[in-house]
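First the structure, in the form of structure tokens, and then the observations on it.
The values are calculated or read from the model by the stated rules, or taken from the named source; none is laboratory data. Here the structure is a predicted model, which means the values were calculated and not measured. Please note: Cβ atoms are built from the backbone with ideal geometry, for glycine as well, and neighbour counts cover all protein chains shown. The accessibility values were calculated without ligands, DNA or RNA, using every heavy atom of the protein model including side chains. Shrake-Rupley method; radii C 1.70, N 1.55, O 1.52, S 1.80 Å.
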Amino acid sequence: MSIRTDILAAQMAALGLGDKPQSLINGALVDGAGNPVTLIDPYTEQPLTSYADAGAEVAMAACIAAQDAQPRWAALSGAARGQVMQNIARTIIDHAEPLATIEALVAGKPIRDCRIEVAKVAEMFAYYGGWADKIHGEVIPVPSGHLNYTKREPLGVVFQITPWNAPIFTAGWQIAPAIATGNGVVIKPSELTPVTTVALVHLAEHAGLPSGLVNVLCGLGPTAGQAAIEHRAVRKVIFVGSPETGRVVATAAAKALKPAVLELGGKSANIVFDDANLKHACLGAQAAIFSGAGQSCVAGSRLLAHRSVHAELIDMLACGMNDIRLGDPLDDATEVGPISNARQFAHVGDMVARAKSDGAQVLSRETKPETGFFVPPTVLNGLLNTDHAAQTEIFGPVVAAIPFDTEEEAIALANATEFGLAGAVWTNDVGRAHRVADRVRAGTFWINSYKAIHVSSPFGGSLNSGFGRSSGTDALMEYTSAKSVWLDSAVTPRIAFGYVS
Ligand code: NAD
């Protein structure tokens, strides 16, 4: 272990955690008893720390703790729940630096991005804390004369599974709406990036969150994850990750007759018309695919440019690549860090090699740091939309650039994948902007912009990008169910026997 191991241990100590990842069950930090998991620093490729998989037993304890704590939390007034959530938001801000440092070290994400994501998590708790006392049903004018009203009730315990690309951001994105609506939570972050999720919940408990309401599992999917999906206390599964694992998780949930939300991957089209401001479109295209080293579900991984500007845009992108600052995630100046882990690094390398053998011209930045899982920003030119690299999620800083001739063709190409997560159009023709926004299949679509998301706006996809929605008021619906209450105030019952008419 290295100096970076010491930095990690010091930051964990500053947040009240032990020196290695531990699950957080009923307010206590707990070691697993399963197989060892070693976290590798993606910048040095050296071991950072290791821990034992939580396994099924700890997962079951987590579900029971959430089940025990949830009714008391749901019985609080919405205002009281909201107050705790505002306190959590402030506590996150107060501890932003150690949270951001741990995220940068473990996930390999530039610290400047981590600081923004931590601030966004505080915003999520503040936003949903504001909703906690404003969640109510309707009075429905049924024809029978009954008073019929609905209530939005918490589901009970929900199980959330999150990936490694934006660990604390995704944890806040899911935990905040779940607890605002009165649910208990078991959350399993990726086994590769568990620390900031544990830290977040630990801090939340210091800010007044009852112990046991939110429990964190440090461990593997097939052991800890599978056990939690199957546990009787769990009423819904919320999964954020790859389509392959999403299928496994949704199948396990369906077998136990539990609903699921799936937030999966994408192959989003970033469409540039010849009337667009090309400088803005180029900056947008860089942000869309190179920021976060392309490890973003909404990455603009297909750049569809009008044939008359295709070559110029690629030149601009290739030129701009050399100005992007690649480096140590802990360095304030770094704009793009390494790929987060060895498995993903190998996948991105394989995808580029295959694209090359499929005939792509590979345009890459010339230099990269000597150590670390770095993939230089890369443009694949000369591929067809049907080629493997244009259809498969790469999840790295690699964009397939494909020309089109007409608006109709651009829309058809954008929709010709198995995904439906996001997309964008760059044009100065307002009518065209709306026509394209209407017709491209995507849960999120940007006009002359890319990657803008906010906790107040719904987010999700269709087809292989999943189903259900996170964030905004849609998440309040996902984390509650409607109860319909009928009251008969007539002197004699309106229906002694039979149906209401
Ligand atoms: P992954 O599917 O490999 O893992 C996601 C999570 O599932 C991890 O916590 C993992 O431990 C868990 N898991 C694995 N097997 C399991 C099992 N049998 N039962 C229960 N849980 C199990 O994904 P990843 O590689 O961590 O993340 C990258 C993927 O996530 C990409 O496809 C990306 O597009 C997607 N993603 C989607 C969104 C979105 O909101 N749509 C956001 C971020 C990332």
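Take every Cα-Cα distance within segment 269-447, group them into 10 Å bins from 0 onward, and report for each bin the whole-number percent of pairs it holds. For segment 269-447, the pair-distance distribution reads 10, 41, 35, 13, 1. The calculated 222 nm mean residue ellipticity attributable to helices in the chain amounts to -12500 deg cm²/dmol, summing -39500 (n - 2.57) over DSSP H runs of n ≥ 4 and dividing by all residues.
Would you mind counting up the charge near Val430? Only other residues with Cβ under 15 Å from its Cβ, with Lys and Arg at +1 and Asp and Glu at -1. Result for the local shell: -2.
When both bridge partners sit in the chain, DSSP labels roughly 40% of those beta bridges antiparallel. On the chain, 56 percent of the accessible area sits on carbon and sulfur atoms, based on a 1.4 Å probe. Please find the FRET efficiency linking Lys279 to Asp94, where r is the Cβ-Cβ separation and R0 is fixed at 41 Å, and quote it to the nearest 0.05. After rounding to 0.05, the efficiency reads 0.55. For Asp53, the residues whose amide H sits under 5 Å from its own are Gly34, Asn35, Val37, ignoring neighbours fewer than 5 places away on the same chain, with H placed 1.01 Å from N. Each label point was placed 7 Å from the Cα along the Cα-to-Cβ direction; for Ala256 and Asn322 their separation is 5.5 nm. Using the Kyte-Doolittle scale, find the helices of the chain whose mean hydropathy is at least -0.5 and whose Cα atoms extend 15 Å or more along the helix's long axis, counting only whole DSSP H runs. Those that pass (Cα extent of 15 Å or more, hydropathy at least -0.5) are 3-14, 55-75, 78-94, 96-107, 111-131, 167-180, 195-206, 243-255, 278-289, 307-321, 342-357.
Put simply, when 286-295, 354-363, 134-143 are sorted by average Cβ atoms within 10 angstrom per residue, most first, you get 286-295, 354-363, 134-143.
Less than 5 angstrom separates the built amide H of Gly156 from those of Gly184, all sequence-distant by 5 or more or on a different chain.
Placing a label point 7 Å from the Cα of Thr38 along the Cα-to-Cβ direction, the residues of segment 92-114 whose backbone N falls under 20 Å of that point are 105-108.
Quick check: Cα centre of segment 350-386 to Cα centre of segment 58-89, how many Å? When both Cα centres are located, 47 Å separates them. Neighbours of Asn270 by Cβ distance under 13 Å: Lys/Arg scored +1, Asp/Glu scored -1, total +3. For segment 269-447, the antiparallel share of DSSP beta bridges with both residues in that region comes to about 15%.
In a solvent-free Debye calculation with one equal scatterer on each Cα, what is log10 I(q)/I(0) for the chain at q = 0.10, 0.13 Å⁻¹, listed in the order of the q values? Result of the Debye calculation: -0.78, -1.22. Solvent-free Debye calculation, one equal scatterer per alpha-carbon of segment 355-479: log10 I(q)/I(0) at 0.15 Å⁻¹ equals -0.87.
Around the Cα centre of segment 269-447, unit charges on the Cβ atoms of Lys, Arg, Asp and Glu (plus for the first two, minus for the last two) sum to a dipole of about 260 debye. Take the chain with all the other protein chains still there, run a 1.4 Å probe, and you get 40 Å² of accessible area per residue. What FRET efficiency comes out for Ile495 versus His136 if R0 is 25 angstrom and r is the Cβ-Cβ distance? Round to the nearest 0.05. Once the sixth-power term is evaluated, E becomes 0.35. Taking R0 as 22 Å, what's the FRET efficiency between Asp315 and Lys356 from their Cβ-Cβ distance, rounded to 0.05? Calculated transfer efficiency: 0.65.
Evaluated at q = 0.12, 0.24, 0.28 Å⁻¹, the base-10 log of the normalised Debye intensity for segment 249-313, with identical point scatterers placed on the Cα atoms, takes the values -0.45, -0.97, -1.13. In this model, which of Lys120/Lys451; Lys188/Lys236; Lys279/Lys368 are farther than 18 Å apart at the alpha-carbon? Pairs exceeding the cut-off: Lys279/Lys368. Taking a Cβ cut-off of under 13 Å around Arg235, the surrounding Lys, Arg, Asp and Glu residues balance to a net charge of 0, with basic ones at +1 and acidic ones at -1. Using 18 Å as the cut-off for backbone N distance, which residues of segment 120-147 belong to the label zone defined by a point 7 Å from the Cα of Ser481 along Cα→Cβ? Correct set: 136-138.
For segment 101-186, the share of alpha carbon pairs falling in successive 5 Å distance bins from zero is 3, 13, 18, 16, 14, 11, 8, 6, 4, 3, 2, 1, 0 percent.
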